[in-house]
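Only the coordinates and a few stated rules stand behind these numbers; no lab work does. Keep in mind the model is a prediction, meaning the values are calculated, not measured. Note: ideal-geometry Cβ built from the backbone for every residue, glycine included; neighbour counts use all protein chains shown.
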Amino acid sequence: MLFNKLTAFKKEIPNGSKECKARQRDERLELILKAANEIIFAEGIDNLSVRKIASRIEYSPLIIYHYFRHKDDIIDHLMGKSYQRILSTLASAQISTDEPKQKLKATTRNYISLALQMPDEYMAIMLSSSPGILMHKILLISI
């Protein structure tokens, strides 16, 4: 009987540890992205570096490279999240008219409202003249 309980307990540990490792990985990823956002908002996107992120979260830069190949991957991830938020907000707008002028007005209002809801993010990303950011804006416009 005791043997069966120990065997059952041992079988439960790996699954729990896998879940724990996955949760820790997700938490570290969010910590990295949050630190990157804070640096971008405070210093601008051109001043973002893996070393600054590592310093802010008190981890080795190698940990960050475990999640992202380089700084541009981090920026791509953040940009993707921001643009997805913008696109989903614009797409979900309840526009109840077929008139183009009214649709344009409603879409513009939604876009401005979103920019006001996320002013730091909007300024850091949408108003940046960084070449990498400009490429992302071109992709957003082409969608």
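Please compute the modelled spin-label separation between LYS21 and SER96, points set 7 Å along Cα→Cβ, answer in nm with one decimal.
Placing both labels 7 Å beyond Cα along the Cβ direction yields 5.4 nm.
At 7 Å along the Cα-to-beta-carbon direction for both ASP73 and ASP46, put a label point, then send me their distance in nm to one decimal.
2.6 nm
Taking the Cα-to-Cβ direction at ALA115 and at SER129 and moving 7 Å from each Cα, how far apart do the two end points lie in nm?
Result: 1.7 nm between the two label points.
Would you order HIS70, HIS77 from fewest to most other beta-carbon atoms within 10 Å of each residue's own beta-carbon?
HIS70, HIS77
Please arrange ASP76, ASP26 by counting, for each residue, the other beta carbons lying within 10 Å of its beta carbon, fewest first.
Ordered from fewest to most neighbouring Cβ atoms within 10 Å, ASP76, ASP26 come out as ASP26, ASP76.
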